[in-house]
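Here, each number is a calculation from the coordinates, and none is a lab measurement. This one's a predicted model, so the numbers in the text were calculated from it and none came from an experiment. All Cβ positions, even for glycine, are placed from backbone atoms using ideal geometry, and neighbour counts span all protein chains on display.
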């Protein structure tokens, strides 16, 4: 390895994923301020990433829109924190390793081969989310 390559080499200490239906390219930034894929479809106050492929698959499958489901490898550009919808409401201790941030994520790759959940599982999840919405239980991320 050349001296210059050693200076520019960075350890890939943590892999993070972002599931979506957006068509992004390497180097693109995922940022707040666009319509959210979830909840009330308001301008997003936070953006989300996860360290587990399964949670990213759910993100891609549940995202609004008609685009192809995609999972990107992303690198946070600033601090991240636990996603309270999952860590406070559903999975205390954050076993899904789901996080949010107000800082952008840089797309550094795409997972090209992954297995989605069954049609029945996705329908059950969407039905459950709709039921919460009907009960007036909305995302903590929209507060």
Segments 71-83, 108-120 sorted - mean Cβ within 10 Å per residue, highest first: 71-83, 108-120
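What is segment 14-136's relative contact order, in percent, from Cα pairs under 8 angstrom and six or more apart in sequence?
Working: 227 pairs, mean separation 39.4, N = 123.
So the answer I get is 32 percent.
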Square roots of five times the Cα gyration tensor eigenvalues for segment 14-136, Å: 21, 17, 15
